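The block underneath contains the structure these notes are about, expressed in structure tokens.
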């Protein structure tokens, strides 16, 4: 019989196949096939993108030339744009807002074929520094209420270009999924006087079977109520609601564990497509004690179908304790 | 600039590309490629499935032989199973339940290559009758709190067999997405004293640009805050919270508009993969006045990626008013 497990933050149930768990070989390997184009994210092609908005580059090199380590440009096909005033009004029973926001691409490195897993710890740290720097810059704009940072790796995870990159979207409202987590963890805090994520870390450390690895500042683990097979979260041991308030000493520790985790996923699942999303509180000081930022990595191994759309339940063929064992033990 | 629209039921925002709408040709046509197998849903192969649980069949034909019109069998790979007691307990901060439920396959017709769009109105009515009959039978079981009926058409929508079929899952709790809709519409009702879906129908009839077609009992339309390009809802004009309390006269009207809508989608989008989900209140009498059952059809034309996972926002390349025009005008 399967087991139903409920996430204490969102109330989401998942159906876990504990009796006949699928191993890594149960999932179809996906070839990452991209259209062959002159890559706009490679050295020498800086003129193929909009001008850079932010950059880490070698001293002595000019803007929009090669010689950069991490480069930020506007998305050429933005979901939201950064000019104009915020116009909000009702349309009968619906609410409407102009599409004000910001949509940036963070090119992780000049290396076309390298994913975050293939880069050096130092380069991954640069990427993390850029995430923080852009989030801090954009949150100054009073039109923006939330900054989302995420990555789509592989076409089936929504990537349209092969050259690895991350994305940042600034939104004129706190999005629904974030509100849901904030409310859920706030509710838990009001009831128990503790952060649900700190409690999760405590529980992880009791059994340890869900932990993949840890260092002085972070733990990577498969959550007990994972939605997806081989879903991995990385969480700071220090309680903090805000990603971009990370301490300087934490950044290299995050770079190491993020890169290591992505290497493990790449080895166990043969370079799966995945999304990762940085979950953080908006800088509103309301969720100071109840929210705890973290990263969720979701390999794309299964399809979301009618059942998931209709219920919000997820069917998980690989229990997280089985996934964690594979990921922990891989060489 | 894009336009943000907010759904009044769930509070979900969508980002609609109103300036450069994608037409039907903007989406990649998908070939529905299935593994070639001896089809368990065809006449003569009744022994390849578990025994039938319910059936409409020609008089004089025996159970588990050919001669049926609609056949219901247990899912061979069930997400939940129908034996055992409901065991619920806590695991630290998590809740757990045994995987009690029911997972049935409703084979829509004996015709291997026919989708609902290709069948007769009468055959589609038989399928709808079977949906109601199974839902009414299962809801008698006190272990089940919700019955979900849905269809996955095409591999990218999660179908694993070519022979068209629907699915029914009985759940030991009301699922999150359903609760969210019930709460949202209840909140709207408390505030305005009106059903949000009845208000939606009123608003549809003012402008009419979102309406695809209608008959005496139903309207099919593209909702103003569609999540997906060419998303279509079918809603009864008569306020009623419960799908399975449909009146006898409404069933043929639903069969006609459902089939017609699927034909329109098939023509405009070249047989797209899609999910449809019947949204209904549980039979708890709490949502009598505030909820209104309906069907949501979601063609699979775009990919859900990091942005959607992180926010619950959806990016919609085809505004619903544009989609409705294509669907309304197709021959």
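The values are calculated or read from the model by the stated rules, or taken from the named source; none is laboratory data. Please read these numbers as outputs of a predicted model, since none were measured by experiment. Reconstructed Cβ throughout: ideal geometry from the backbone, glycine too, with neighbour counts over all protein chains shown.
I'd like to check something: does the stretch B:145-158 contain any residue that is within 21 Å of residue B:287 (Cα to Cα), surrounded by fewer than 23 Cβ atoms within 10 Å (Cβ to Cβ) and at pLDDT below 95? The answer is yes; a qualifying residue exists. With respect to being away from every other protein chain (no Cβ under 11 Å), surrounded by fewer than 16 Cβ atoms within 10 Å (Cβ to Cβ), more than 12 Å from residue B:3 (Cα to Cα) and out of contact with any helix residue (DSSP H, G or I) (no Cβ under 9 Å at 6 or more places or on another chain), residue A:61 fits the description. Of the residues making up the stretch B:177-199, just one is part of a loop (DSSP other than H, G, I, E, B) and facing another protein chain (nearest Cβ under 10 Å), namely B:194. Taking the stated definitions as given, is residue B:243 at positive phi and crowded, with 21+ Cβ neighbours inside 10 Å? Answer is no for this residue.
Annotation for the stretch A:189-203: no member residue is buried (at least 17 other Cβ atoms within 10 Å of the Cβ), under 21 Å from residue A:97 (Cβ atoms) and modelled with pLDDT of 95 or more. Of the residues making up the stretch A:220-230, at least one is surrounded by 17 or more Cβ atoms within 10 Å (Cβ to Cβ), in a strand (DSSP E or B) and within 15 Å of the chain's Cα centre (by Cα). Restricting attention to the stretch A:88-111, does a residue exist that is under 23 Å from the mean Cα position of the chain (by Cα), more than 10 Å from chain B (Cβ to nearest Cβ), closer than 20 Å to residue A:254 by Cα and surrounded by fewer than 19 Cβ atoms within 10 Å (Cβ to Cβ)? Looking through the stretch A:88-111, none of the residues is under 23 Å from the mean Cα position of the chain (by Cα), more than 10 Å from chain B (Cβ to nearest Cβ), closer than 20 Å to residue A:254 by Cα and surrounded by fewer than 19 Cβ atoms within 10 Å (Cβ to Cβ). One residue stands out in the stretch A:290-305 among those that are touching a strand residue (DSSP E or B) at 6+ places or on another chain (Cβ under 7 Å) and more than 27 Å from residue A:183 (Cβ to Cβ): the one that is farthest from the other protein chains (Cβ to nearest Cβ), namely A:299. With respect to the conditions (1) modelled with pLDDT of 95 or more; (2) away from chain B (no Cβ under 14 Å); (3) in contact with a helix residue (DSSP H, G or I) (Cβ under 9 Å, 6 or more places away or on another chain), residue A:287 falls short on a single one, namely (1).
Listed by first and then second residue, the pairs linking a residue in the stretch B:266-293 that is farther than 18 Å from residue B:231 by Cα to a residue that is modelled with pLDDT under 95 and not in a strand (DSSP E or B), with Cβ atoms under 7 Å apart and 6 or more places separating them unless they lie on different chains, are B:281/B:287; B:282/B:145; B:282/B:174; B:283/B:139. Listed by position, the strands (runs of 3 or more DSSP E) contained in the stretch A:237-331 that have at least 3 residues being within 14 Å of the chain's Cα centre (by Cα) are A:274-279, A:294-299.
Flag set for residue B:278, criterion: within 14 Å of chain A (Cβ to nearest Cβ) and modelled with pLDDT of 95 or more.
Assessment of the stretch A:65-72 against the conditions (within 14 Å of chain B (Cβ to nearest Cβ) and surrounded by 17 or more Cβ atoms within 10 Å (Cβ to Cβ)) yields no matching residue.
Within the stretch B:249-271, none of the residues are within 13 Å of chain A (Cβ to nearest Cβ), more than 27 Å from residue A:91 (Cβ to Cβ) and in contact with a strand residue (DSSP E or B) (Cβ under 7 Å, 6 or more places away or on another chain).
Output the residues belonging to the stretch B:1-41 that are part of a loop (DSSP other than H, G, I, E, B), crowded, with 20+ Cβ neighbours inside 10 Å and more than 13 Å from chain A (Cβ to nearest Cβ).
Filtering the stretch B:1-41 for residues part of a loop (DSSP other than H, G, I, E, B) gives B:1-2, B:7-12, B:17-23, B:27-41.
Then keep just the ones that are crowded, with 20+ Cβ neighbours inside 10 Å; that gives B:2, B:7-9, B:12, B:17, B:41.
B:41, the sole residue that qualifies.
Restricting attention to the stretch A:166-176, the residues being surrounded by fewer than 23 Cβ atoms within 10 Å (Cβ to Cβ) and away from chain B (no Cβ under 11 Å) number 0.
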